[in-house]
C-alpha cells in the first residue's frame, strides 16, 4: 500500500475547522465558579458548518470578560436580562445564532484547538 505520510502536526491540524463564522446552538449551561473563584457560566455549544457537520465545544462566560458575555446575550436576544444584571443558566439553553470560531495555538503540551472567539448578533 502506498500513501502520503503525514506528520503529527498535520494530523492534529486536520482536526481543526478554519477560522470563520458558524451557526451555533447552546445545548447545556450551568452556573459555576472558575479556578480563581469568579462566577461564570460553563456552556456546551454545538457549532455547525454550512454542510451540516457539527461539533460540540465548551465555552465559559464570565462577567469579568464582559465583551464575550455581552456578545452572547446580544446574539440570543437577552440584552434586557443582561442589562438587569441577572441571568440564569436556563436563559442560554436552546439559544441559537452565529459565532466566530478561531484556532488557538497549542500550549503546555496540548495540540491546537478550536475556540469560540466571539458571539455575533448578526
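The values are calculated or read from the model by the stated rules, or taken from the named source; none is laboratory data. Worth saying up front: this structure is predicted, and the values here are computed from it rather than measured. FYI the Cβ positions are ideal-geometry reconstructions off the backbone, even for glycines, and counts take in every protein chain you see.
Miscellaneous remarks
- Test: residue in the stretch 78-91 that is buried (at least 16 other Cβ atoms within 10 Å of the Cβ), in contact (Cβ under 8 Å) with a residue 40 or more places away in the chain and under 17 Å from residue 22 (Cα atoms): no
- Filtered residue count, the stretch 92-113, keeping only those that are more than 12 Å from residue 22 (Cα to Cα) and in contact (Cβ under 8 Å) with a residue 12 or more places away in the chain: 9
- When the residues of the stretch 92-121 are filtered to those that are in a loop (DSSP other than H, G, I, E, B), out of contact with any helix residue (DSSP H, G or I) (no Cβ under 7 Å at 6 or more places or on another chain) and modelled with pLDDT under 95, the one that is surrounded by the most Cβ atoms within 10 Å (Cβ to Cβ) is 106.
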